[in-house]
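This report refers to the structure that appears directly beneath it.
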């Protein structure tokens, strides 16, 4: 049998000569060079967004290149920001929630129903609306994680159930009449944009920070990437999965309160129209900042990219059908891009 020679018996220079030779072979650390391909992969969608705005500006200089147009893009997407971040939270842990739009709709319906029709104080109505949204997430999470029912079945069923409940409590009518002062929490302007715009930006920044720079966010990403390995590493995957459902539904509930405040009421039948744009934004966001990964900043960019594209087409005269076609196409393309990027990332 061969025997490993102790390190002290290996041939070579004396110990005193080792350090000088090593020092002579050291080279100064080089600054990392600019990686053009990585930069392009991260910010190509931002460049495409600017290019699209430029094309619209050339085609419609008298309409698109106006302050009112820019305000329309950035002042009207707060619902999507909250819904997209709500959906993002569950996507990160490897789940999905088809009920976030209906949860938002239920919360937005409860506020005027409890306040206007039943005489509750606005603050109590808002708290109850958000708590109901959180309860929806808890029930969904327990059914998926503890009972083992597929998330598709649970969240699709709860979405239909919540839509029916919202119609029931509103008596299939748009409930309005909230005081205009209540609208100030969403509509008061700062720098020409409603304060709800800044709520969305702050929400995206907080979500981005938590998911990127905290142990909680890294654990959530780990669970979404490989659930079994995360379990072996001692991460409480069940707790994180249920928590993701509750957090997403709570965010959707807060978004519902803001919707009710900005509109002075809510039409309980309109919530399903928000689901497709929210999902499209989340998947398209995986092509920005952190390619192949769900991330909040990329989702925020994707929301306003899609809003710019739709508004430009509407100004060109394509109305009615264009929104569904545009968002449907965007979702298909976004999922395809996300799949390709994830495969390339996994193979490198």
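Remarks
- Comparing Cα centroids, region 54-70 and region 266-283 end up 27 angstrom apart.
- All C-alpha pair distances within region 205-260, sorted into 10 Å bins from zero, spread as 22, 45, 24, 8, 1 percent across the bins.
- Taking each residue as 0.36 nm, the span from residue 65 to residue 131 lengthens on full extension beyond its C-alpha to C-alpha distance by 19.5 nm.
- Helix 100-112 and the longest principal axis of the Cα set of the chain meet at an angle near 40°.
- For the chain, the 222 nm mean residue ellipticity estimated from helices alone, with every DSSP H stretch of n ≥ 4 adding -39500 (n - 2.57) and the total spread over all residues, rounds to -22500 deg cm²/dmol.
- By the Cα gyration tensor, region 70-174 has an equivalent ellipsoid whose semi-axes, rounded to whole angstrom, run 25, 19, 12 from largest to smallest.
- Simple spin-label estimate for residue 273 and residue 239 gives 4.2 nm between the two label positions (7 Å along the Cα-to-Cβ direction from each Cα).
- Shape annotation for region 180-309: C-alpha extents along the principal axes are 54, 28, 27 Å, from largest to smallest.
- Compactness of region 233-348 was expressed as the Cα radius of gyration divided by 2.2 N^0.38 Å, which yields 1.26.
- Helix 122-142 axis versus longest C-alpha principal axis of the chain: approximately 50°, rounded to the nearest ten.
- Taking the C-alpha atoms only, the angle from helix 36-59 to the longest principal axis of the chain is near 30 degrees.
- Taking region 44-347 and dividing mean pair separation by its residue count, relative contact order in percent (alpha carbons under 8 Å, at least six apart): 31 percent
- Debye intensity ratio I(q)/I(0), log10, region 298-345, q values 0.29, 0.33 Å⁻¹ (C-alpha model): -1.06, -1.16
- Gaussian network model of the chain, Cα within-10 Å springs - most flexible of 256, 141, 320: 320
- Structure remark: mean-square fluctuation, Gaussian network model of the chain, C-alpha springs under 10 Å; the largest value among 48, 59, 232 belongs to 232.
- Between residue 209 and residue 322, the FRET efficiency from the beta-carbon distance, with R0 = 51 Å, is close to 0.90.
- When its C-alpha radius of gyration is set against 2.2 N^0.38 Å (N residues), the chain gives a value of 1.25.
- Annotation for residue 160 and residue 216: the two label points, set 7 Å from Cα along the Cα-Cβ direction, are 3.5 nm apart.
- Centroid-to-centroid separation of region 290-327 and region 148-170 [C-alpha atoms, Å]: 27 Å
We did not get these values from a lab; they are worked out from the coordinates using the rules stated. Keep in mind the model is a prediction, meaning the values are calculated, not measured. With ideal geometry, Cβ positions are generated from the backbone for all residues, glycine too; neighbour counts draw on all protein chains shown.
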